[in-house]
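So the structure is just underneath, and the comments pick up after that.
Derivation of every value follows stated rules applied to the coordinates shown; laboratory data play no part. Just so it is clear, the structure is predicted and the values come from calculations on it, not from any experiment. FYI the Cβ positions are ideal-geometry reconstructions off the backbone, even for glycines, and counts take in every protein chain you see.
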Amino acid sequence: MTSQAEWLRGTLLALALVMTGPVLADNKPEDGKVTNFLLDNGMEVVVIPDHRAPIVTHMVWYKIGSADEPPGKSGIAHFFEHLMFKATTNHAAGAFDRVVSAIGGSNNAFTSYDYTAFYETVVPQALEQMMDFEADRMRNLILNDDVIATERDVILEERRSRIDSNPQAVLGEEVDATLWQNQPYRIPVIGWMQEMEKLNRADAKAFYDKYYTPNNAVLVVAGDVEPKVVKALAERTYGKIARGPDLPPRIRPVEPEQNTRRTVTLTDARVSVPNFSTQWVVPSYHTAKPGEAEALDLLAEILGGGSRSRLHQQLVVKQGIAAEAGAFFQGTMLDATNFTVYGAPRGDAKLADVQAAIEVEVARIAKDGVTSGELEKAKDRFVRSMIFARDKQDSMANIYGATLATGGSVRDVEEWPGRIRKVTADEVRDIAARYLNLNHSTSGYLLPQTQAGN
Amino acid sequence: MAILLLSLLFLVLPALSARAAMSIQEVTSSKGITAWLVEDYSVPLVAIRFVFDGGTTQDPAGKEGLANLMSGLFDEGAGNLDSEAFQIKLDDVGAEMSFEAARDGTYGSMRMLAEQRDAAFDLLRLAVTEPRFDQAPIDRIRAQVLSGIIANELDPDTLAQRKWLEALYGTHPYARPEQGTRQSIATITPDDLIAFHRANFAREGLHVAVVGAIDAETLKKKLDMVFGGLPQHQALAPVADVDPKLNQQLEVNYDQPQTSLQLAYPGVKRSAPDFFAAVLMNEILGGSAFTSRLFDEVREKRGLAYSASSDLVDHQHANALAITTATRADRAAETLAVVREVVKRMAQEGPTEAELAATKKYLIGAYAINNLNSSGAIAATLLELQLDKLGIDYMQRRAALINAVTLDLVKAAAKKLLSAEPAIMIVGPKHGEATEE
């Protein structure tokens, strides 16, 4: 329901919300065993060998996202992601795309609140060439006014496509801007229209010079490669780039104490079935005390993670008042994050009935906690989802990239299943009681036009 | 510089990469059920994907949405397990099961942990051969489908899409809403579901692909166990071939910030001799790479849209080439003119030799990356190869088939497909407003 803010140049890459995955090395000895090292210029490298097919996923993650943008320049991180596909001093515009396409590869990029990533999936023989191109555009981009003007039109169309044409997306932006009073997650990744229209060459240049440096980047290579080969290639390509100035720590404005219940309502002629969501500010894996984020992951799963969850069973199956009902926790963020419940009525049920029933379940889990059976099943599902994730090399690359770009480490990823296993039922109850207080929450309502004024 | 790099790279790259040597076994069980299998033990899981011919085209008139509703009920009770008991067991077993009704077939898939394979296959057997279609889950799933139908009733894009299909396909089943209508799904009874299941889920219309930690002998036993209880013959209603009606223009007016454009041209059959010529032409015109002519002219040069692409629509009974884009309402007329100019130039001149050479390399190399990058993706690909009757050695032959296409053949395909006057749909503010600058 609430879409993830992953803005891509071409297609949307669905990053699994909860899959901060493990590596269970029980097959070929080298497969899945993750190696990481640092180049002399400060660039971090992670290698995830997977020899099932001669394919390699090459990703460069910059630790820079929309939440790092200067005031008044919303959308510059995403705009800049687009500009990275233009000409450099060594290659004409489109040359990189043509090379990738001519070897049957695929490439794209995406921007989120805390990171921007560029990737290519190719045969292993092309890995060094991909590194050459990525290393080139890390420093040698040509930014002129013509390129800026045309590509700015493209991002404005992208905003119209993704947000302005879609009432659910418009509401989502307003809910974020209301949930977050101070933290930059209140600003949409794609930017506010009136600020996007004014983004210019100077903004882009300043952004590039500040953030696109090897010491602010993480290289993730997953696939049919050996760590020592990746290291040699990375040293020959990225290694030649000079280290940039040290970036200041990413200290962002933080939230004041949450102390009100807020609502946002959008009525739209295109809506015929209403829906709502309620969100709370909660810690992320990066800001939480030990064990808290793991407990939030399990809380979201048990409360509303799927068809076995309490919300689905109570509202959709037993009471029959909801077309859908669920919950999720977005744990992989640099700063505090959100925990969300949502629902939509079915049949004669009213939205208010659905909301009230969800609130009953939230209060019940905060008071009485979860059963050991529920907890064990939820843990099993997480561990299973990670085995399934190993089946797709870009899933593994995404898990490591997103974790490292939001302050985590390779070890955090590897130890995650063990930490999930340690969470107790009391901890799940306590985390619900601590954070899911309706008096400190933000709800968004999407309503048909006929209900306006109710 | 770029050109030098390209040519060097081609020297070191294998002609057909990734999994070209992937070993596909054809497995036939003692009850005569055939599956394609790729054994792979590197991740401890098994993925199975199968399809029964038929699909939503088999919905009886007035019961539109039947196949779709049925596909939502396979994990809602089977054998002696009611809905809740079945779902608890599925979760205990650690397997994921899904069904989906498409136009020409009903697809099923399951992903399971290798160590719990036996229990998972047993649940799949129950779902496929002994679905219960109990009234309570029918009413619940129907109510959820109905909610979805109502939720889209005022959405201009949904309305437009419906009008578009009716304009292209008339009274053919392809024009009918796959989820059904408020009225049609209300009439569906357990007896309808039982009859539909019996008519569609039979061994002769079944195609199966399996990838993962399982050997051929074990799979044969599982095939008989899972599907052996089904009847031999399907009872499908015949579906006629249909050519989409071109040379027409539809407008759906809605005051929104963008105008979306869709254009339909004639397509090409999968079995046609000029299939790859059409595929290469479409890829150059508006394919998935960032280098297509439509992407370049509409987005890169003019900033008119976020995306602009063309696709070959390949149904069993109809084919088309479809172009889609969306642009600021006040630039819709300009965008449509650019699209039509790109099409016209391709129809008249075809691609260049260089474009064709690069696109051949792309299509050959991209196959593995786009189609074989996970167990589920491999299973889906093997299934499509079976449906398209391409043969178990197709992956070895594909590169040669593509390389054999000459520039003249691609030019002929361009002329044949793109010289037609297309069907055009415009969704956005009134045309007058859209064209005023």
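Cα centroid separation, the stretch A:119-155 to the stretch A:188-248: 11 Å.
Using alpha carbons only, how many degrees (0 to 90, rounded to 10) separate the axis of helix B:83-93 from the longest principal axis of chain B? In chain B, helix B:83-93 runs at an angle near 80 degrees to the longest axis. Rounded to the nearest 20 debye, the dipole magnitude of the stretch B:25-115 is 260 debye, with +1 charges on Lys and Arg beta carbons, -1 on Asp and Glu beta carbons, and the Cα centre as origin.
Once a ≥ b ≥ c are taken as the square roots of the eigenvalues of the Cα gyration tensor of chain B, is the result rounded (a/c under 1.5), prolate (a/b larger than b/c) or oblate (a/b not larger than b/c)? It is oblate, given that a/c is not under 1.5 and a/b is not larger than b/c. Between the stretch A:412-434 and the stretch B:297-336, the alpha-carbon centres lie 48 Å apart.
Between residue A:232 and residue A:205, the simple label model (points 7 Å from Cα in the Cβ direction) yields a spacing of 4.1 nm. Assuming charge only on the beta carbon of Lys and Arg (+1) and of Asp and Glu (-1), the dipole of the stretch A:191-303 about its Cα centre is about 520 debye to the nearest 20.
Rounded to the nearest 0.05, the FRET efficiency derived from the C-beta distance between residue A:145 and residue A:411 at R0 = 45 Å is 0.45.
As a calculated quantity, the FRET efficiency between residue A:353 and residue B:408 at R0 = 60 Å, using C-beta atoms, amounts to about 0.35. By the helix-only formula, in which each DSSP H run with n ≥ 4 contributes -39500 (n - 2.57) and the sum is divided by residues, chain B has a 222 nm mean residue ellipticity of -13500 deg cm²/dmol.
For the stretch A:162-218, what class follows from the C-alpha gyration tensor (a ≥ b ≥ c being the square roots of its eigenvalues): rounded when a/c is under 1.5, otherwise prolate if a/b is larger than b/c, else oblate?
prolate
Within chain B, antiparallel bridges make up roughly 80 percent of the DSSP beta bridges whose residues both belong there. Peptide A:90-102 is shielded by partner chain Cβ atoms: per residue, an average of 6 of them sit within 10 Å of its Cβ. When the C-alpha to C-alpha distance is required to be over 23 Å, the pairs from B:31/B:63; A:318/A:377; A:392/B:221 that qualify are B:31/B:63; A:392/B:221. Partner shielding of A:103-110 amounts to 6, given as the average count of beta-carbon atoms from other chains within 10 Å of each residue beta-carbon. Dividing the summed helix terms, -39500 (n - 2.57) for each DSSP H run of n ≥ 4, by the number of residues in chain A produces a 222 nm estimate of -11500 deg cm²/dmol to the nearest 500. Simple point charges give the picture: +1 on the Cβ of Lys and Arg, -1 on the Cβ of Asp and Glu, and for the stretch B:113-186 a dipole about the Cα centre of about 240 debye.
By the gyration tensor of its Cα atoms, with a ≥ b ≥ c the square roots of the eigenvalues, what is the shape of the protein assembly as shown: rounded for a/c under 1.5, prolate for a/b over b/c, or oblate? Taking the square roots of the gyration eigenvalues as a ≥ b ≥ c, the protein assembly as shown is rounded.
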